[in-house]
1. For region 196-208, indicate whether the set of residues that are surrounded by fewer than 23 Cβ atoms within 10 Å (Cβ to Cβ) and out of contact with any helix residue (DSSP H, G or I) (no Cβ under 6 Å at 6 or more places or on another chain) is non-empty.
2. Would you mind listing the strands (runs of 3 or more DSSP E) fully within region 168-274 where at least 3 residues are under 24 Å from G303 (Cβ atoms)?
3. Within region 251-297, restricting attention to residues that are farther than 17 Å from Q328 by Cβ and among the charged types (D, E, K, R), which residue is least open to solvent (accessible area, probe 1.4 Å)?
4. Could you check region 430-478 and list, in sequence order, the residues that are of a type in the set (G, A, S), within 30 Å of E393 (Cβ to Cβ) and crowded, with 20+ Cβ neighbours inside 10 Å?
5. Mind listing whichever residues of region 388-409 are open to solvent by less than 10 Å² (accessible area, probe 1.4 Å) and either of a type in the set (D, E) or not in a loop (DSSP other than H, G, I, E, B) (or both)?
6. Out of (1) under 16 Å from T463 (Cα atoms); (2) modelled with pLDDT under 95; (3) not aliphatic (A, V, I, L, M), the odd one out for G205 is which?
7. Condition check: open to solvent by less than 60 Å² (accessible area, probe 1.4 Å), in contact with an Asp or Glu (Cβ under 9 Å, 6 or more places away or on another chain), within 30 Å of P186 (Cα to Cα) and at pLDDT 90 or above. Does I117 satisfy that?
8. Could you list all residues from region 430-461 that are touching a strand residue (DSSP E or B) at 6+ places or on another chain (Cβ under 7 Å) and basic (K, R)?
Amino acid sequence: MKFLKRILGIFLSAVCLLCFAACGEKDYGTLTVADIENLKIGETREISAVFSNEEYAAEIEYEFKGNAIKIEDGKVTALSGGRTVPVTAKTKHHETTFTVKTSTERYDNGTLTIENIENLPVGQRIKINTVFTPSGVYEPISYTFEGNDIEISDGYVRARIPDKTVTVTAKTAHHEVTFTVSTVCPDEVKYYDIYIIAGQSNAAGYSSKGGNLGGVFENISYAGEVNAPRNGGTPAQSYLSYPFLSEVKEGLGKGASFIGPEYGMAEALNGHYSEGNRAMILKTAAGGTSLFNSTGGENNDWGNWYPRSQWGRNTVNASASPMGVLYQSLVDNFAAVYSQLVEYGYTPRVQGMAWMQGEADLGNPNGYKTLLKALITDIRTDLKEITGDESLESMPFVIGEIATSFAYANNSQVPAFVTMQRAVASEMENVYTVKTDDLIIVNADGTVNGTDQYHFNKNDSRTLGKRFGEALWNNARRDNN
């Protein structure tokens, strides 16, 4: 009898477990993606993704290696031919693989467009702006022209003789276009110096405590973007179209009553410039953002600063991931502003960059050190590529030390972090730090001197900006008045 009861108990337990499993587990179904065959170069097709349980259909992320294809908005485009690319498709509950095979045939020869280059000073070089359609397709280009008034190599053009206009023919396997290069004497150059600010909230401008400062710095223009949503939407402020903002004043932070370091920086620089010899502060920043590839908190809103050299074979996709979105925005914003200044006859020169970031990353100074060095190297390289200015490989870079009273008085995480920041400055060429330990955010008695416990008040943000401006000016180039 005991034996039968025991068997019955085991049977009932098994039935209960099966019922629990059946009731507790959700049927997410499967995800199936059809292989794509014979995709011609430049051709775009919809990816056929099928969920067996539509209730759990979700946005799909695609991962693959190399640059033979690109995938955007559920569509795949072939960028080079004769390749077989394995692709992994993922959602929160699904993962599958499929292949994309590209053909050596071209779907569409597309177009090649090259803008004219005007007022190129003798001795200077600039990257030739080539635009292919479809986007992402590229073909090697050969350039021909008469005479020796200019020289072209590695995609850059350099002026050799002033007051010349040279017609250049650009050829690829499928295109032939012409553009002109006009040259000028160096003493005719209209320089426009650019000072860059980047980082998180104390760079973006979250300082509102304190009276109206009232200053207007008429010789310093402003361009930039604060808190730009990575998935579209309206930034807190954005000035990225010529003629930009003609003067720096209050209100260039996250709201009309907020400032960031740009105010004090303009105050420090204004006297060195004049109406005929202007400078610009170019800012890209967003609050609460990390240098690590972090996805939580405000990184999810604005993206993070993860530097380019750390992406591996991945590329920035703002709609899919925060990875590197702010880094790429900084580069893109610079390229847009730089090209507009050139278009309107100026010769922009980058005089350096101020970096106020790290509050979000205080817990990992060792990992941060590696990434900060990568950021400095990457941004110097990318700006050099955009401008053709090889001196930017050692562009002045100034790091704002984290305030010792950030979040609370005598923040125990700050000293090790500041030591790391100073070590980066000592180990890299033309890198400096500016102190902030006298800019008190939270007093020793716990009262808040800053705008809040995380952000400087207006006067201290102004002081930080002046220190940035002075450090950059002291290390700027002096090849004109």
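The values are calculated or read from the model by the stated rules, or taken from the named source; none is laboratory data. The structure presented is a predicted model; accordingly, all values stated were derived computationally and were not measured. Don't worry about glycine lacking a Cβ; one is built from the backbone with ideal geometry, like all the others, and counts go over all protein chains shown. These accessible areas exclude ligands, DNA and RNA; they are computed on the full protein's heavy atoms, side chains included. Shrake-Rupley method; radii C 1.70, N 1.55, O 1.52, S 1.80 Å.
1. Taking every residue of region 196-208 in turn, at least one turns out to be surrounded by fewer than 23 Cβ atoms within 10 Å (Cβ to Cβ) and out of contact with any helix residue (DSSP H, G or I) (no Cβ under 6 Å at 6 or more places or on another chain).
2. 190-199, 220-226, 237-239
3. Initially, region 251-297 is screened for residues farther than 17 Å from Q328 by Cβ, giving 251-281, 287-288, 296-297.
So of that shortlist, the ones also among the charged types (D, E, K, R) come out as 254, 262, 267, 275, 278.
Values: K254: 87, E262: 0, E267: 53, E275: 134, R278: 30 Å².
Residue satisfying both the conditions and the ranking: E262.
4. G465, G469, A471
5. First, the residues of region 388-409 that are open to solvent by less than 10 Å² (accessible area, probe 1.4 Å): 388, 392, 395, 397-403, 405.
If the condition is that a residue be open to solvent by less than 10 Å² (accessible area, probe 1.4 Å) and either of a type in the set (D, E) or not in a loop (DSSP other than H, G, I, E, B) (or both), then L392, F397, V398, I399, G400, E401 are the ones that fit.
6. In the conditions (1) under 16 Å from T463 (Cα atoms); (2) modelled with pLDDT under 95; (3) not aliphatic (A, V, I, L, M), G205 misses (2) alone.
7. Numbers: open to solvent by less than 60 Å² (accessible area, probe 1.4 Å): yes; in contact with an Asp or Glu (Cβ under 9 Å, 6 or more places away or on another chain): no; within 30 Å of P186 (Cα to Cα): yes; at pLDDT 90 or above: yes.
So I117 fails the test.
8. Within region 430-461, K458 is the sole residue that qualifies.
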